[in-house]
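S.K.: Sharing a structure, written as C-alpha cells. Questions coming.
The values are calculated or read from the model by the stated rules, or taken from the named source; none is laboratory data. Since the model is a prediction, treat every value here as computed from it, not as a measurement. When we count neighbours, we look across all protein chains shown, and the Cβ atoms used for this are built from the backbone with ideal geometry, even at glycine.
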Amino acid sequence: MNKRLVILADRRCNLLNKIDSQRKDVAELTGRWQTPLAVVDTRLKAVNFLHNHPTLVVASVAAIATYCRKGIAGLASEGWRSLYLYLYLYLPSLLLY
C-alpha cells in the first residue's frame with residue numbers, strides 16, 4: 001500500500017509541475033493578445049448596443065440630417081413634431097389637449 005501511495009504522490013507532483021508550466025504558457029500567450037482583444041471587445045459592445053437600440057440610430061441620423069439642413073431651430077421644431085407624432089401614435093392617453 002505504501003508503494004502505491006508513493007507512486008501516486010510522485011505522479012501528483014509531476015502533474016502539478018506540468019499544470020504550472022502550462023499555466024505559465026497560457027499567461028504568456030494571453031498577455032500578448034490582451035490589448036487587441038480588449039479593443040475588439042469594446043467595439044463589439046458598441047455594435048451590440050447599436051443593434052439593440054435601432055431607434056437611437058435612426059433618431060441620431062435624423063437629427064444630424066435636420067441640423068445640417070435647417071440649423072438648431074429646425075432641429076428643435078423637428079424634434080418637437082416627432083415627439084408629438086410619437087405620442088399621438090403610440091401613447092394617445094398621454095396627450096394633453
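Each row is one residue, and each column tells you yes or no for (1) modelled with pLDDT of 90 or more; (2) under 30 Å from residue 82 (Cβ atoms).
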| site | (1), (2) |
| --- | --- |
| 8 | yes, no |
| 18 | yes, no |
| 45 | yes, yes |
| 57 | no, yes |
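S.K.: To continue, here is another question. Starting from residues that are surrounded by 13 or more Cβ atoms within 10 Å (Cβ to Cβ) and aliphatic (A, V, I, L, M), keep the ones in the stretch 63-75 and report whichever is nearest to the chain's Cα centre (by Cα).
M.R.: Of the residues in the stretch 63-75, the ones surrounded by 13 or more Cβ atoms within 10 Å (Cβ to Cβ) are 63, 66-67, 70, 74-75.
Going one step further and asking which of them are aliphatic (A, V, I, L, M), we end up with 63, 75.
Values: 63: 24, 75: 30 Å.
Looking at residues that are surrounded by 13 or more Cβ atoms within 10 Å (Cβ to Cβ) and aliphatic (A, V, I, L, M), I get 63.
S.K.: Something else about it: Is there any pair with a first residue in the stretch 67-93 that is under 20 Å from residue 55 (Cβ atoms) and a second that is surrounded by 10 or more Cβ atoms within 10 Å (Cβ to Cβ) and at pLDDT 75 or above whose Cβ atoms are under 7 Å apart and which are 6 or more apart or on different chains, and what are they?
M.R.: Cβ pairs passing all conditions: 75/63.
S.K.: Give me the residue from the stretch 48-62 that is surrounded by 11 or more Cβ atoms within 10 Å (Cβ to Cβ) and either more than 21 Å from residue 79 (Cα to Cα) or of a type in the set (Ser, Thr, Tyr) (or both) and, out of that set, nearest to the chain's Cα centre (by Cα). It would help to see each step written out before you state the result.
M.R.: We begin by selecting, within the stretch 48-62, every residue surrounded by 11 or more Cβ atoms within 10 Å (Cβ to Cβ); these are 49-50, 53, 56-57, 59-60, 62.
Narrowing further to those that are either more than 21 Å from residue 79 (Cα to Cα) or of a type in the set (Ser, Thr, Tyr) (or both): 49, 60.
Details: 49: 6, 60: 20 Å.
By that ranking, first place goes to 49.
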